[in-house]
Amino acid sequence: MDSEDDMLDANDSADDDFYSGGEAGLGGSDDGDADYDFADHDSDDSAELLSHRQQQNYSILSEADIQQRQEDDINRVSTVLSISKSEACVLLRNYNWSVSKVHDEWFADEEHVRKVVGFLEKLIEMPNDREVCSTHVLARSFAGYISTSINDGPGCLMLRCPDPSCTAAVGQDMINSLADDEDREKYGRYLRRSYIEDNRKTKWCPAPGCEYAVEFVMGSGSYDVNCNCSYGFCWNCTEEAHRPVDCATVSKWILKNSAESENMNWILANSKPCPKCKRPIEKNQGCMHITCTPPCKFEFCWLCLGPWSEHGERTGGFYACNRYEAARQEGAYDESERRREMAKNSLERYTHYYERWAANQSSRQKALGDLLSLQNDKLEKLSDIQSQPESQLKFIIEAWLQIVECRRVLKWTYAYGFYLPEHEHAKRQFFEYLQGEAESGLERLHQCAEKELQVYLEAESPSKDFNDFRTKLAGLTSVTRNYFENLVRALETGLNDVGPSTSHGTCSKSATSKSLGGKSKSGKSRASSTSSKTGGSSRGVDESNIWTCDQCTYANPRSARNCQACNNQHR
């Protein structure tokens with residue numbers, strides 16, 4: 001842990017390579033090529049980075065905003081095409097609320113469009129009283145038809161005349177004339193939802209209970225969206241925001257976490273099938289004498305799976321098996337042991353990444369709770385103790401918001417690392433170094449915002465060094481934000497500046513000129529704290545003669561049709 005002075009000088013120090021681009025850091029490269037720059041900048045670059053952050057490629061829409069935009073589109077189409085608002089609404093529904101597409105289709109072939117959407121050649125005006133087709137019965141029947149359709153769900157938006165010989169669309173004017181207040185309200189809700197769900201530029205926020213929608217500008221870079229309800233999600237796949245990993249990786253990771261594949265790996269690694277009934281059995285006692293559960297009750301040797309009646313003192317007793325050792329030396333159990341060992345390695349590797357993914361998720365949830373507590377209670381208390389207005393304490397909120405965001409990014413780096421091919425040793429080494437630096441920097445910020453802030457919350461009078469704390473926390477927030485933003489960009493580009501593996505496993509750019517295991521000011525090794533669980537040798541890998549399993553990422557020989565670790569078929 002760096003000293004407080006080091007923290008205060010974080011923006012200017014050239015010694016601390018996490019904050020500056022020092023010799024052991026990740027600043028410029030000696031070969032003059034473009035490289036990953038993880039330094040904090042006080043030049044015009046920081047203003048450019050801030051401008052980049054503030055660019056928002058989406059708009060958050062409330063229910064009132066949705067209704068207003070919908071009415072504007074209906075009015076626009078009604079005015080341009082000289083049709084009623086009800087007809088304009090029918091047109092827009094049929095063309096997924098795309099004003100431009102309605103105009104294109106209408107002016108290309110108006111007669112065809114009228115026929116497709118169900119416009120009558122001669123409009124029938126609905127009277128305000130019950131006189132429909134000269135009978136009260138028909139009016140009541142039609143009203144019942146409309147009410148039933150509305151209660152059946154959103155399909156009522158595409159309602160047509162119930163007469164099989166008539167294809168006329170039932171528009172909103174007819175709904176308003178014949179439906180009661182409750183049904184009209186339901187129809188209006190369906191119409192507003194249709195405006196969002198049928199429009200490719202808009203989506204609902206996927207957070208439970210959230211009623212905001214999002215309008216997104218396509219082709220504008222990041223898919224990350226932060227709703228007004230505080231939920232962040234990916235526009236493309238609607239899962240929670242997951243930069244720096246792509247949507248396909250998130251889908252695979254979520255499926256792996258919920259699938260039975262890891263259960264099967266555990267069974268294969270920690271159990272053996274009963275020789276008689278074939279049910280998997282876990283050995284939970286010390287000796288090799290196993291008795292299967294009823295109704296089988298078969299007794300056998302755990303090592304060689306032979307009947308226990310053929311075992312005794314002459315075969316090694318309860319804790320060994322001479323038959324197994326002899327057969328093993330002859331290679332009789334090589335294949336089964338190899339598969340069991342592979343399953344065990346695969347399970348350990350998955351557990352390594354999943355536990356850290358889940359730990360960062362838990363830390364993020366706790367940080368969200370701390371942030372809420374700070375906003376609701378503690379900030380006002382701190383303002384009273386330190387005699388400073390709450391507007392001057394926003395730097396604390398910014399720090400906690402950054403902690404929450406960084407925990408999310410750090411969480412997904414573990415999914416990124418799990419699917420990073422095992423044979424790309426240079427990339428894996430460089431990735432783990434960057435990940436270790438990110439963890440170290442985030443822990444500094446988190447401890448400052450959590451532990452050191454507590455001192456000032458428990459003070460009885462204004463502290464003289466509170467302004468020093470402000471400078472320190474704001475500086476840590478700034479450099480941590482910059483580091484994580486650059487880390488995300490580096491991972492999203494696939495660490496392109498890292499060259500292929502060599503016999504020494506070195507990196508091509510920054511890692512060739514700067515040691516990944518360099519020393520920090522405290523003299524401690526800068527190696528990553530997140531050593532990988534590869535489950536395989538890193539030597540002598542010929543990349544042209546292997547393929548990587550999509551399910552477990554095990555590197556298999558080209559000749560293998562199925563993954564040797566999880567038995568997944570090679571595509």
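The values are calculated or read from the model by the stated rules, or taken from the named source; none is laboratory data. Because the structure is a prediction, the values reported are computed rather than measured. No Cβ is skipped: glycine too gets one built from the backbone with ideal geometry, and neighbour counts run over all protein chains shown. The protein model used for the area step is the full one, side chains on, heavy atoms only, and it has no ligands, DNA or RNA in it. Shrake-Rupley method; radii C 1.70, N 1.55, O 1.52, S 1.80 Å.
Any idea which of N257, N265 is at pLDDT below 80, on the phi < 0 side of the Ramachandran plot and under 46 Å from the mean Cα position of the chain (by Cα)? One residue alone meets the criteria, N265.
For the residues F466, F484, the requirement of being closer than 30 Å to L401 by Cα, more than 28 Å from the chain's Cα centre (by Cα), modelled with pLDDT of 85 or more and surrounded by 13 or more Cβ atoms within 10 Å (Cβ to Cβ) singles out F466.
When the criteria are applied in full, Y354 fails the requirement of being modelled with pLDDT of 80 or more, crowded, with 19+ Cβ neighbours inside 10 Å and hydroxyl-bearing (S, T, Y).
Just one of (1) open to solvent by less than 10 Å² (accessible area, probe 1.4 Å); (2) within 24 Å of S346 (Cβ to Cβ) fails for G441. It is (2).
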